[in-house]
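Written out below as structure tokens is the structure these notes cover.
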Amino acid sequence: MSAHVPLGSLAVQAPTLAPKTVHVSPATCHNLTLFKDLMKEYRRLDDTITMRLNRTNAQFRDRDRQGLGGGGNVEEQACAQIWRELVANWKRRTEIINYCVGVVDQSMDEKRRSLDTEGNDPPQQRQTQGALYAEDVKRNQVHNELAVEQIVRQRSLDAFRSRCKYFEPPSSEAEAREWWDSARAGR
């Protein structure tokens, strides 16, 4: 087998060469199936963290053997690469979740105001209350993603730290550094 042909699935070795741009709209947030599928896709890196660490280490060792290494410790380079990917992914997911939390919360507020202004129209009130209940379920699901995100992130950090014991994120990355410090403190 050629040294240039990577082993295993290319999808889990590295991000796709032509990443797909996903435009998140309020409709994405209101469609729980689509929203959860999007989160599942974004969490793929976290789900395969151990394999990705192994792969990245192997790739950097191969580059070093071929004289293409960037200098420095191969393991440190691999850890830094995975760290950059993790942080970028966490930022994107956090932005999407926070956006959808805002969209669903706003929709709930609008339904509550509508219920207050409907007056004495019982059929309309029942319909709005039903829609409000459905929005509340949706709101809880979207808000639950914040808790899921913390769990996924902690698990990824634990796996990362077990393999990259001496890695410290650059102090120039304030948000990433905050995540790192809170994970080390067990929060």
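Here, each number is a calculation from the coordinates, and none is a lab measurement. Computed from a prediction, not measured in an experiment: that's the story for all the values here. All Cβ positions, glycine included, derive from the backbone under ideal geometry; neighbour counts span all protein chains shown.
Filter segment 160-187 for residues that are farther than 30 Å from residue 35 by Cβ and touching a residue at least 40 places away in the same chain (Cβ under 8 Å) and give the result.
Of everything in segment 160-187, those that are farther than 30 Å from residue 35 by Cβ and touching a residue at least 40 places away in the same chain (Cβ under 8 Å) turn out to be 163, 164, 166, 167.
Determine which member of the set 176, 147 is within 22 Å of residue 44 (Cβ to Cβ) and surrounded by 15 or more Cβ atoms within 10 Å (Cβ to Cβ). Talk me through it step by step, then tell me what you get.
Details: 147 fails: surrounded by 15 or more Cβ atoms within 10 Å (Cβ to Cβ).
Among 176, 147, only 176 is within 22 Å of residue 44 (Cβ to Cβ) and surrounded by 15 or more Cβ atoms within 10 Å (Cβ to Cβ).
Determine whether residue 135 is within 22 Å of residue 37 (Cβ to Cβ) and either small (Gly, Ala, Ser) or touching a helix residue (DSSP H, G or I) at 6+ places or on another chain (Cβ under 8 Å) (or both).
Yes.
Filter segment 136-159 down to the residues that are touching a residue at least 60 places away in the same chain (Cβ under 8 Å) and of a type in the set (Val, Ile, Thr), then identify the one that is farthest from residue 104 (Cα to Cα).
Looking at residues that are touching a residue at least 60 places away in the same chain (Cβ under 8 Å) and of a type in the set (Val, Ile, Thr), I get 152.
Being among the acidic types (Asp, Glu) and part of a helix (DSSP H, G or I) is the filter here; which residues of segment 114-155 pass it? Lay out the reasoning, then the answer.
Step one: list which residues in segment 114-155 are among the acidic types (Asp, Glu), which gives 116, 118, 121, 135-136, 145, 149.
Scanning segment 114-155 gives 116, 135, 136, 145, 149.
Here's the yes/no breakdown for (1) touching a residue at least 40 places away in the same chain (Cβ under 8 Å); (2) hydroxyl-bearing (Ser, Thr, Tyr):
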residue: 75; (1), (2): yes, no
residue: 81; (1), (2): no, no
residue: 84; (1), (2): no, no
residue: 87; (1), (2): yes, no
residue: 94; (1), (2): yes, yes
residue: 99; (1), (2): yes, yes
residue: 107; (1), (2): yes, yes
residue: 110; (1), (2): no, no
residue: 113; (1), (2): no, no
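Within segment 164-171, is there a residue that is surrounded by fewer than 16 Cβ atoms within 10 Å (Cβ to Cβ) and in a helix (DSSP H, G or I)? Reasoning before the result, please.
Within segment 164-171, the first condition is being surrounded by fewer than 16 Cβ atoms within 10 Å (Cβ to Cβ), and the residues that meet it are 165-166, 168, 170-171.
Next, from what is left, pick out any that are in a helix (DSSP H, G or I): none.
The answer is no, given that none of the residues of segment 164-171 is surrounded by fewer than 16 Cβ atoms within 10 Å (Cβ to Cβ) and in a helix (DSSP H, G or I).
Pull up segment 36-53, narrow it to residues that are more than 12 Å from the chain's Cα centre (by Cα) and surrounded by 14 or more Cβ atoms within 10 Å (Cβ to Cβ), then point me to the one that is farthest from residue 83 (Cα to Cα).
48
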